[in-house]
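Read the structure below first, then the notes.
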Amino acid sequence: MIWFLEGQSSQRDVLMGAREALPADVRIFASHRRQRPEITSQADVSLQEPLDNEERIDWILQTAREHGIKVILAGRIGGFYEARRALFEAQGITLVTGGMSMETFACVDDKSRFTAECEAAGLACVPAITATNTAELISAYETLAASGEVCIKPTVGIYGQGFWRFKAEADAFSCFADPDARQTSFQAYLHAYQQAAERPPMLVMPYMAGSECSVDMVCENGRVIASVGRRKEGLNQTFERDTDAVRLAIRAAEHFKCDGLVNVQTRDNDNGQPHLLEINPRYSGGVGYTRHAGVNLAGIFATRRLGLTEPETNWRNNVCVKAITVAVSATA
């Protein structure tokens with residue numbers, strides 16, 4: 001039996017991929033802190049997790065013991081579970097968090113440290129200057145602006161929260177008129193930044209105009225077993241493998257000793273050369289799309305962890321997908 005703890009909204013897709021690959025007699029457990037039957041109903045057994053993190057640990061261990069569950073995937077807060085790995089191992093449970101130790105999370109969660117680690121390892125990454133106050137922010141901007149467009153984001157965060165591009169022609173109101181464009185002038189940003197005495201550390205970076213590649217992968221003990229690159233083209237996404245971006249992502253995941261269903265983001269520069277943006281030691285929101293490319297990553301993960309035959313990979317060339325909203329029953 002295998003248990004998928006609360007993850008991103010794509011937890012539903014992960015469950016469907018695992019169910020497709022696993023024998024019918026293998027029971028799948030799924031849980032979420034909220035009432036999310038549209039997600040957990042894809043499993044054989046649906047559970048609701050306690051809201052409190054510490055209470056959740058005791059509940060997970062007790063539930064796993066009662067049902068004889070041997071493999072647990074932490075979809076969210078992987079670092080929180082990783083710090084308590086010994087509790088799971090003491091009960092003979094294989095805990096999969098996204099990393100093999102707290103070192104992985106320490107390196108990838110802090111984007112400033114991540115950048116330094118990549119540079120030291122010879123992994124091409126988007127260069128960045130960390131700013132912790134107004135003087136450092138101005139200095140970093142002036143240094144990078146001499147060579148081209150500049151952008152900024154927090155050193156810690158997900159979903160692109162806090163990311164902004166500095167455009168000289170952007171008026172002060174543009175970020176309110178069209179926030180999804182993520183564009184503002186540096187002066188407008190600086191004015192807002194100075195309104196508080198303290199701000200979290202920020203990364204100031206050159207903006208790379210090329211496209212992004214989101215690489216979903218299955219990792220085991222710091223080794224990549226299977227991977228698929230996804231690249232957005234307008235509202236659509238295409239798939240790739242054995243490209244410079246995918247190879248760079250694989251090198252990064254293995255360097256940082258990732259373990260589980262993991263996502264690595266890269267972005268191309270003006271010359272089409274990929275650079276690392278970040279590593280997410282969890283599955284991505286679009287991991288389920290990869291099944292359209294003929295690669296069931298969730299199924300590969302689940303079967304291998306349970307010692308079963310993994311699903312065949314039948315790569316499909318020139319596939320293009322588009323996400324749509326579909327209504328599903330949310331009855332518990």
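How far is helix 111-121 tilted, in degrees, relative to the longest principal axis of the Cα atoms in the chain, given as a value from 0 to 90 rounded to the nearest 10?
Long axis of 111-121 versus the principal axis of the chain: about 90 degrees.
Return the distance in nm (one decimal) between the two label points of a simple spin-label model at Val326 and Glu240, each offset 7 Å from Cα along Cα→Cβ.
2.8 nm
On a 0 to 90 degree scale, rounded to 10, what angle separates helix 11-21 from the longest Cα axis of the chain?
Helix 11-21 sits roughly 40 degrees off the main axis of the chain.
Quick check on segment 2-97: what are the equivalent-ellipsoid semi-axes from the Cα gyration tensor, as sqrt(5λ), descending, whole Å?
Each semi-axis is the square root of five times an eigenvalue, giving 20, 15, 12 Å.
Take the Cα pairs of segment 209-322, get the Kirkwood Rh, then feed it into Stokes-Einstein at 10 °C and 1.306 mPa s and tell me D in µm²/s.
113 µm²/s
Let's test the formula: R0 of 41 Å, r as the Cβ-Cβ distance of Asn314 and His67. What FRET efficiency results, to the nearest 0.05?
About 0.75, to the nearest 0.05.
Quick check on the chain: helices-only [θ] at 222 nm, where DSSP H runs of length 4 and up contribute -39,500 (n - 2.57) each and the sum goes over total residues. Nearest 500, please.
One gets -8500 deg cm²/dmol as the mean residue ellipticity at 222 nm.
Please give the peptides 279-291, 193-205, 38-50 ranked by average Cβ packing (other Cβ atoms within 10 Å per residue), highest first, as a rough proxy for protection.
279-291, 38-50, 193-205
To the nearest 0.05, what FRET efficiency results for Glu103 and Arg247 with a Förster distance of 30 Å applied to their C-beta separation?
For R0 = 30 Å, the calculated efficiency reads 0.80.
Pairs of Cα atoms under 8 Å, at least six residues apart: use those to get the relative contact order of segment 191-301, whole percent.
Normalised by residue count, the contact order of segment 191-301 is 27 percent.
Can you give the charge dipole size of segment 209-322 about its Cα centre, rounded to the nearest 20 debye, using +1 on the beta carbon of Lys and Arg and -1 on the beta carbon of Asp and Glu?
Charge dipole of segment 209-322: 260 debye, to the nearest 20.
Suppose R0 equals 56 Å. What FRET efficiency, 1/(1 + (r/R0)^6) with r the Cβ-Cβ distance, do Ala116 and Phe176 give to the nearest 0.05?
After rounding to 0.05, the efficiency reads 0.95.
How high is the relative contact order of segment 128-206, given as a whole-number percent (alpha carbon pairs under 8 Å, six or more residues apart)?
On the way: 119 pairs, mean separation 35.1, N = 79.
Taking the mean separation of contacting Cα pairs over the length of segment 128-206, I get 44 percent.
Quick one: angle between helix 134-145 and the longest Cα principal axis of the chain, in degrees between 0 and 90, rounded to 10, please.
80 degrees
Mind checking the dipole of the chain: about its Cα centre, +1 per Lys or Arg Cβ, -1 per Asp or Glu Cβ, Debye to the nearest 20?
In total the dipole reaches around 600 debye.
Find the Cα radius of gyration of the chain, compare it with 2.2 N^0.38 Å by division, and give the number to two decimals. Each step should come with its number before you reach the end.
Values: Rg = 20.9 Å, N = 332, 2.2 N^0.38 = 20.0 Å.
Working it through for the chain, the quotient is 1.05.
Going by average Cβ density within 10 Å per residue, which order do the peptides 236-249, 260-273 take, highest to lowest?
Values: 236-249: 18.3, 260-273: 20.0.
Order by mean packing, descending: 260-273, 236-249.
Which order do peptides 61-72, 101-112, 211-222, 175-186 fall in by mean Cβ count within 10 Å, highest first?
Order by mean packing, descending: 211-222, 101-112, 61-72, 175-186.
Within the P(r) computed for segment 70-112, what percentage of the Cα pairs occupies the region above 11 Å?
Counting every Cα pair in segment 70-112, those more than 11 Å apart make up 62 percent.
Would you work out the relative contact order for the chain, in percent, from Cα pairs under 8 angstrom that are 6 or more residues apart?
20 percent
Where in segment 211-230 does the label zone of Gln273 land, with the point 7 angstrom along Cα→C-beta and an amide N cut-off under 19 Å?
Within reach of a label on Gln273: 211-213.
Find the cysteines in the chain that fail to meet the 4.7 Å Cβ criterion with every other cysteine, and list them.
Cys107, Cys151, Cys175, Cys213, Cys320
All of the numbers you see were taken from the coordinates with simple rules; none came from a lab. Quick caveat: nothing in here was measured; it's all calculated off a predicted structure. With ideal geometry, Cβ positions are generated from the backbone for all residues, glycine too; neighbour counts draw on all protein chains shown.
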